[in-house]
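Only one structure is covered here, and it is reproduced in the block below.
The values are calculated or read from the model by the stated rules, or taken from the named source; none is laboratory data. Because the structure is predicted, anything quoted here is derived from the model rather than measured. Every residue, glycine as well, gets a Cβ built from its backbone with ideal geometry; the counts of neighbours run over all protein chains shown. The accessibility values were calculated without ligands, DNA or RNA, using every heavy atom of the protein model including side chains. Shrake-Rupley method; radii C 1.70, N 1.55, O 1.52, S 1.80 Å.
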Amino acid sequence: MIPMMCFTHSEGQFRPITLLSALYRNWARLRTKQMVHQLSKVMPPEALGFLPAREAAQVWLNLQAQIELMMQQNQNYSGLSTDLKKAFNHIGRRQVFKVAERLGMPEPLLNAQQKFLGGVTRRFDVHGDLGLEIASSSGFPEGDPLSIIAMLVVDWSYHTYMRVFCPKVSAYSFVDNLTLAAREALHVAHAYFALRTICQLFGLSTDTEKTYVWALSSPERQRLMQLQFPCLFDASELGGPITFGAARRNRVPRARGEKLKTKWERLRCSRAPQLQKYNVLPVSPRFFGHRHCMVPTTAALLTHMPWLSGVQQSRQLELAVLDQTQCYA
C-alpha cells in the first residue's frame with residue numbers, strides 16, 4: 001500500500017500496488033505496447049492518456065486556449081472536471097472484456113488475461129507480517145502492464161458514449177481524469193449525468209471531493225452551482241495552472257513558489273556560481289511541463305526568489321522570454 005498524501009489515516013488514502021513476477025511483466029509489457037499502438041488508431045484525439053505522442057499538458061493547454069478564444073468573442077463557456085475514484089481497483093472485468101472483444105482485440109490475449117486475473121490473489125504486508133490470501137472478481141492490478149489496456153477501453157467507451165448522447169460537449173480524458181466543456185452550462189450539467197451513467201456501467205464512480213465546475217459568466221456559474229460542486233475561478237489541472245476568466249490569477253504558481261522556500265534558502269546560501277543556480281530555477285518550460293506556458297507566470301514566480309537582486313530577476317525574465325520566443329519560432 002502506497003500513501004496518496006502526507007498524512008494518511010484511512011484505507012481510502014492508500015493506493016494498493018500488486019507485485020507480479022518479472023517474467024509475466026516482461027510478457028505483458030510487450031503485449032501492451034502492441035495493443036496501445038493498435039488502439040491509438042481508433043482512440044479519439046481528446047483521449048490523451050497512455051497513448052504515444054499525447055501528454056497531460058495537452059488537456060489544460062487546449063482548454064485554456066479555447067477559454068481565451070471564447071473570451072475574445074464574448075461568448076459563454078462552461079466546464080466541469082472530475083476524477084474517477086480508485087479507477088483501476090473498481091473497473092468491471094466483464095464489461096471491459098466484452099467491449100475489448102467488440103473492438104477486435106485478439107481473443108487468445110483476452111482469454112489469457114482473464115484466466116490470469118482469476119487466479120491472482122493478494123496478501124497485505126503490514127510491518128513484515130503477511131495476511132491471508134484475498135481473491136477479487138473486479139478491478140485490474142496497478143502493477144500489471146495490461147491494466148493500461150483496460151483503462152483505454154474505459155476511456156474509449158466514455159468518449160463514444162459522450163459523442164452520441166452529448167454531441168454539443170467537448171469531452172477530454174487523461175487516464176482517470178475526465179473534463180467536460182460546452183458553450184452552455186445546461187449542456188455541461190447534462191453531460192455530467194451522462195458521464196456518471198457510463199461510469200456506473202463499468203462499476204466506477206466519480207470522486208466528489210475532486211470535482212469542480214467553472215464558467216466565464218456569472219449566470220452560467222449560478223446554474224452550475226446547482227450541482228453542489230465548488231465553482232472555481234482558477235485551478236491546477238494535471239499539473240498546469242488554468243484561469244477561468246479575464247482576471248489574471250497566479251494563485252497556483254505562487255503556491256508552488258511557497259512550497260520551494262526551503263530550496264530558495266539553500267540556493268541563497270550556496271557558493272555555486274550564479275549561472276549554475278539558474279539551471280535549477282523552475283522557469284518555463286521545465287516548471288510547467290509544456291513549452292507554451294505564459295511568461296507572466298514566470299514573472300510571478302520571480303517574486304519568490306529573495307536571493308536574486310532586481311537586476312538578476314530582470315535577466316532571468318529576459319531568458320524566459322527568449323526561451324519562449326525560440327519555442328514559437
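Descriptive notes on the structure:
- Here Arg249 fulfils each of the conditions (1) open to solvent by 20 Å² or more (accessible area, probe 1.4 Å); (2) part of a strand (DSSP E or B) apart from (2).
- Checked against (1) part of a helix (DSSP H, G or I); (2) at pLDDT 90 or above; (3) open to solvent by 20 Å² or more (accessible area, probe 1.4 Å); (4) over 20 Å from Glu142 (Cα atoms), Ile67 meets all criteria but (3).
- Enumeration of residues in segment 152-172 that are assigned to a helix (DSSP H, G or I), of a type outside the set (A, V, I, L, M) and within 19 Å of the chain's Cα centre (by Cα): Asp155, Trp156, Ser157, Tyr158, His159
- Residue in segment 122-143 that is part of a helix (DSSP H, G or I) and closer than 18 Å to Ser205 by Cα present: no
- Extreme residue, farthest from Thr160 (Cα to Cα), among residues of segment 23-38 that are of a type in the set (A, V, I, L, M, F, W, C) and open to solvent by 10 Å² or more (accessible area, probe 1.4 Å): Leu23
- Residue match in segment 212-225 (condition: within 19 Å of the chain's Cα centre (by Cα) and open to solvent by 10 Å² or more (accessible area, probe 1.4 Å)): yes
- The single condition from (1) more than 30 Å from Ala22 (Cα to Cα); (2) in contact with a helix residue (DSSP H, G or I) (Cβ under 8 Å, 6 or more places away or on another chain); (3) in contact (Cβ under 8 Å) with a residue 40 or more places away in the chain; (4) open to solvent by 10 Å² or more (accessible area, probe 1.4 Å) that Ala191 fails is (4).
- Residue within segment 109-119 that is crowded, with 20+ Cβ neighbours inside 10 Å and over 17 Å from the mean Cα position of the chain (by Cα) present: yes
- Any hit, segment 1-22, residues being in a helix (DSSP H, G or I), among the aliphatic types (A, V, I, L, M), open to solvent by 70 Å² or more (accessible area, probe 1.4 Å) and at pLDDT 75 or above: no
- Scanning segment 70-89 for residues that are in contact (Cβ under 8 Å) with a residue 40 or more places away in the chain and surrounded by fewer than 13 Cβ atoms within 10 Å (Cβ to Cβ) turns up just one, Gln75.
- Candidate set from segment 258-272 (those that are over 26 Å from the mean Cα position of the chain (by Cα) and outside any helix (DSSP H, G or I)); member that is surrounded by the fewest Cβ atoms within 10 Å (Cβ to Cβ): Arg271
- All positions within segment 194-232 that are within 13 Å of Gly79 (Cα to Cα), free of Cβ contacts under 8 Å to residues at least 24 places away in the same chain and not in a helix (DSSP H, G or I): Pro230, Cys231, Leu232
- Across segment 122-151, the qualifying residues are those that are more than 29 Å from the chain's Cα centre (by Cα) and not charged (D, E, K, R), and the one among them that is most open to solvent (accessible area, probe 1.4 Å) is His127.
- Taking each residue of segment 90-110 that is touching a residue at least 12 places away in the same chain (Cβ under 8 Å) and polar (S, T, N, Q) and looking for partners that are open to solvent by 30 Å² or more (accessible area, probe 1.4 Å) and not in a helix (DSSP H, G or I) with beta-carbon atoms closer than 9 Å, six or more apart or interchain, yields Gln95/Gly203.
- Ala57 exposed (fewer than 15 other Cβ atoms within 10 Å of the Cβ), modelled with pLDDT under 90 and of a type outside the set (Ser, Thr, Tyr): no
- Members of segment 152-188 that are surrounded by 20 or more Cβ atoms within 10 Å (Cβ to Cβ), among the acidic types (Asp, Glu) and touching a Ser or Thr at 6+ places or on another chain (Cβ under 9 Å): Asp155
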